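The block underneath contains the structure these notes are about, expressed in structure tokens.
What follows draws every value from the coordinates through simple rules; no lab data is involved. Bear in mind the structure is a predicted one, so any value in this text is a computation, not a measurement. Every residue, glycine as well, gets a Cβ built from its backbone with ideal geometry; the counts of neighbours run over all protein chains shown.
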Amino acid sequence: MSFAEYWPAWLVSNLVALLLLLAAIKRPRTGRILFALLFIGAGIVNNITIHTHPSLYQLYADTTFLSSYRHFINGYFAANSVFIVSMIALCQLIAGFALLNSGWFCRTGCIGGILFLLAITPLGIGAAFPSTIVMAVGLYLLCIRTSGISPLAGKWPGSARSLINQSSSS
């Protein structure tokens, strides 16, 4: 596939990456929720796609700028794509749900998300480069700024912060 075929998705992905970075800087709680939704959604979509159209993932061999990635995709990956992408989808789901928590679980989700985004960067336009780097920076900022606080704390009935706030206002 050529850039002409990829550019609409590439443009949208890069605009979304910039919005995620902006959210990470200006509204970290919102940023974490958006990143969580991104990873959870990607995990679901990847799991469905690999079981319905597994050959789509081999198209990334044409977009990568590293010959080692091309050889891997056309070789081992092609023979084991359902297993590999299913595991990637599972990790995306775990990272997404981890971002909705706090402490080490959130940090682990951030690190997993960053590593994933950097690992797919060499797929080039197939991974909407440079959006993956922009998103990795956003996740890093969220990790160092907010990993000790759940983005959902105080937002749902029964959460720890909402219970504390109720008892202190009585």
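Key figures for this structure:
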item: Spin-label model distance (nm) - Ile44 vs Phe105, 7 Å beyond Cα toward Cβ; result: 2.0 nm
item: Cα→Cβ-extended label distance, 7 Å offset, between Leu115 and Leu11, nm; result: 3.6 nm
item: Packing-based ranking, highest mean first, of 74-82, 91-99 given that Cβ atoms within 10 Å are counted; result: 91-99, 74-82
item: Loop-located trypsin sites (Lys or Arg not before Pro) in the range 1-58, at most 16 other Cβ atoms within 10 Å (DSSP); result: none
item: Computed over the range 3-169: relative contact order in percent, which uses C-alpha pairs under 8 Å that are six or more apart; result: 30 percent
item: Kirkwood hydrodynamic radius (C-alpha pairs) into Stokes-Einstein, the range 1-56, 20 °C and 1.002 mPa s, D in µm²/s; result: 165 µm²/s
